[in-house]
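Let me begin by presenting the structure, written as structure tokens, before commenting on it.
The values are calculated or read from the model by the stated rules, or taken from the named source; none is laboratory data. All values derive from a computational prediction rather than experimental measurement. Reconstructed Cβ throughout: ideal geometry from the backbone, glycine too, with neighbour counts over all protein chains shown. To get the accessible areas, we keep the full protein, side chains included, count just its heavy atoms, and leave off ligands, DNA and RNA. Shrake-Rupley method; radii C 1.70, N 1.55, O 1.52, S 1.80 Å.
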Amino acid sequence: MDNEIESLSKTLINIYQKNLIFLQESFPEIYKEIDNFSKKLENQEIQEKYSLEYVDGYFDILNHENNGMYYFTNSYEDADKRREFVDFSQSSSLDLLRKIPGSNKLMFSELYQDVMPIIQFINDSVDMDNVKFEKIYKFIFIGTGLGIHIQEIDKKLKPYTTLIIEPELEIFRLSLFITDYSVFDEGNRTLFLSIGANKRERNSIIAQFAHHHEYMNYNVKHYSIDKSHEYIKDEIVNYFGGIDPVGFPYRMIIQNLDRTMKFLRDKEKFISVNLLQKHRILQDKNVLIISAGPSLDNYIDWITEHQDKFLIICVDVIVRKLEKHNIVPEIVVSIDPSELCADYLTTENPDFLNNSAIIFKSQQAPEVLDAVKGKNYYFLQTLYIIQELGFLGSTPNVGTFALKIAGFLGAENIYIIGNDAAFNQETGTRYANDSSYTLIDSTNEEKNSNVFSIEDVVIVKGNLKEKVKTNNQLLSFRKDFENEIITLRKILDLKIFNMSNGVYMEGMTPITLDEMNKVLKIIPEDSTDIIKLVEKISKVIEDIDYCESINLFDEIIKEVEIYQKKEFETKQEFLSTKLDLMAWIIKEMNNEQNGIFATIFLKYIALVDIYVNFILNLQQENLSQKDFINKVSNMWAKGTIVVFENMKQAIEE
């Protein structure tokens, strides 16, 4: 018996040591945490909460706080039962292909009819009520226990990309004695680990997992070992709920490219990022950003009285409300490509914005320029087209754009009003009164616990209140702002104060009206000539030549047309040839001038291949036959040709 125990102990130590080597090489931060925790245990700086126990031929985890066991049963038999629960179907998974409401058919948009005929082809060819996969490409394990069930499920499904999440470092450490985690990262397989992480760190790992081979993001299997981890499952659902497979707004991106090129050729003024960073025109200014959230109504009279203390930046949708209260913004920001922005910027007094600088993203509709004709407007390029202008990156909404502009213009003290990420708590109104846009949300807290919806009402920590009601869609604005602040603070020294009566946002300091009134006593009046300052950071591009790119597009189109005539006997032959063609295209476009075009092509590939890989991974009759494979190949080629033809048209004079 002693020899058996000694042999078992050696086996456990060997597995543990192998895991430590693997973690040190592949996950050094997690290794450091494990190593630090182990040293603290050895030095009796901390007491263990859990310990590994050998009971009647199996291993379990003893909780020293309540003297309870983790499994309460044979952990190996438990793993066998859990393995039987998972299969190659869509059960226990995130089905990420958007469906038509009330139907099992895939959602199809006219925006994609030229480049995405495969969506309609799937609707016509696939039995969507009986989806079963040949392989599982992405799997998430929530909670490790001792990892035995993870091993067994992995042997059955062999997913290519695995994410393992364990909220307790000590539990994961014990599993290192039982489960060899290196097997999940061997060959062409990839492992992601989130161990003992907070919510933000965990979401970062989830994002990395999602973006790895994102062309496989049509279905993500998941398994949770315990109901206490339901909150992690909710986080995963919320993250993927914000990812739309049809999230490549193909025509919109080409339209943005076309509009930007027109503005450049019309010699419109563009803000240069290099000049912006050189001059920092808002340094030492106290900037007030006014967004359109409902709490703005509580402050509008206060802003009217004290507007001379701030340099005001406002979002376009609130301009007409400010006009009614005679609040003149120094800077107006607008990024929406819709012609509705023309209405937002059409004021009762046509001279109201004469002394304001209007900053657009270069995707603006022509109608918007008609509305600001004769005024001082400037563009930031939406896409990284002209290198000498630089690029500030993309922004998900006009509020984060206002914050980004303030930061890059040099502002160090930023105050925000109307940035709620919540509806009016009584009426459900999402925007302040007199905004140019209105929307009313439900305030009903009841929801179907089995269905995730962006309209679900949730209660979260408030900015100036203990708790506020909001919904999942509005909470995405909070995430956008928090991510933007993290990015900005990597390169800028910002102090951001939030006066809004909505949700609390990390990175912003809540500040009440009484506290602001104290601040006002030490803020001097501001009399900035904003137009003079913005002129310093703007320029007109004189020469634009895309002849080489146009010639390359013609060459690529010819190669794709040659590919289109090929016929394939097997799925593997099709996928291999397609991959070679994609690699050649990317290589040919690998230069600075073609950077944006390569990005557009890769976005198209990331989208269309989700559907290609979905249909090729199904266990259904006729989906592996030669005629079927060649139809899919032909549709892929047609879409690729359309993408390059449309890019060519956008840059041709």
Across the range 344-364, the tally of residues that are open to solvent by less than 20 Å² (accessible area, probe 1.4 Å) and not in a loop (DSSP other than H, G, I, E, B) stands at 5
Out of curiosity, is residue 317 open to solvent by 10 Å² or more (accessible area, probe 1.4 Å), within 26 Å of residue 502 (Cβ to Cβ) and assigned to a loop (DSSP other than H, G, I, E, B)? no
Give the residue that is most open to solvent (accessible area, probe 1.4 Å), with candidates limited to residues of the range 41-100 that are closer than 20 Å to residue 220 by Cα and part of a strand (DSSP E or B). 95
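Condition check ((1) in a helix (DSSP H, G or I); (2) within 30 Å of residue 139 (Cα to Cα); (3) out of contact with any strand residue (DSSP E or B) (no Cβ under 9 Å at 6 or more places or on another chain)) across all residues:
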{"residue": "206", "(1), (2), (3)": "yes, yes, no"}
{"residue": "234", "(1), (2), (3)": "yes, yes, yes"}
{"residue": "239", "(1), (2), (3)": "yes, yes, yes"}
{"residue": "256", "(1), (2), (3)": "yes, no, no"}
{"residue": "263", "(1), (2), (3)": "yes, no, no"}
{"residue": "268", "(1), (2), (3)": "no, no, no"}
{"residue": "278", "(1), (2), (3)": "yes, no, yes"}
How many of the residues making up the range 25-40 are more than 20 Å from residue 151 (Cβ to Cβ) and open to solvent by less than 100 Å² (accessible area, probe 1.4 Å)? 8
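Here's the yes/no breakdown for (1) open to solvent by 40 Å² or more (accessible area, probe 1.4 Å); (2) modelled with pLDDT under 90; (3) closer than 21 Å to residue 25 by Cβ:
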position: 184; (1), (2), (3): no, no, yes
position: 197; (1), (2), (3): no, no, yes
position: 200; (1), (2), (3): yes, yes, no
position: 206; (1), (2), (3): no, no, no
position: 210; (1), (2), (3): no, no, no
position: 222; (1), (2), (3): no, no, no
Pairing a residue in the range 521-538 that is surrounded by 15 or more Cβ atoms within 10 Å (Cβ to Cβ) with any residue that is among the β-branched types (Val, Ile, Thr), where Cβ atoms lie under 6 Å and the two sit 6 or more apart in sequence or on different chains, gives 533/281; 537/271; 538/271
So which residues in the range 613-637 are crowded, with 18+ Cβ neighbours inside 10 Å, in a helix (DSSP H, G or I) and either of a type in the set (D, E, K, R) or touching a Lys or Arg at 6+ places or on another chain (Cβ under 8 Å) (or both)? 616, 629, 633, 636
The range 586-598 - residue that is touching a residue at least 40 places away in the same chain (Cβ under 8 Å) and out of contact with any Leu (no Cβ under 6 Å at 6 or more places or on another chain) and, of those, surrounded by the most Cβ atoms within 10 Å (Cβ to Cβ): 597
Scope the range 512-536; condition under 37 Å from the mean Cα position of the chain (by Cα) and modelled with pLDDT under 90; matching residues: 519, 528
Among the residues of the range 116-134, are any part of a helix (DSSP H, G or I), of a type in the set (S, T, N, Q) and buried (at least 18 other Cβ atoms within 10 Å of the Cβ)? no
Over the range 367-392, the set of residues surrounded by fewer than 16 Cβ atoms within 10 Å (Cβ to Cβ) and free of Cβ contacts under 8 Å to residues at least 24 places away in the same chain is 373, 374
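Matching residues to (1) over 22 Å from residue 551 (Cα atoms); (2) in contact with a helix residue (DSSP H, G or I) (Cβ under 8 Å, 6 or more places away or on another chain); (3) not hydrophobic (A, V, I, L, M, F, W, C):
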position	(1), (2), (3)
581	no, yes, no
584	no, yes, no
614	yes, yes, no
618	yes, no, no
621	yes, no, yes
633	yes, yes, yes
Taking the range 435-478 and keeping residues at pLDDT below 80, in a loop (DSSP other than H, G, I, E, B) and among the hydrophobic types (A, V, I, L, M, F, W, C) leaves 439, 451, 452, 454
Considering only the range 135-168, state which residues are part of a loop (DSSP other than H, G, I, E, B) and either closer than 18 Å to residue 226 by Cα or of a type in the set (S, T, N, Q) (or both). 143, 144, 145, 146, 147, 167, 168
Condition first: without any contact (Cβ under 8 Å) to a residue 24 or more places away in the chain, aliphatic (A, V, I, L, M) and either over 20 Å from residue 121 (Cβ atoms) or open to solvent by 60 Å² or more (accessible area, probe 1.4 Å) (or both). Can you find one or more residues in the range 542-552 that meet it? no
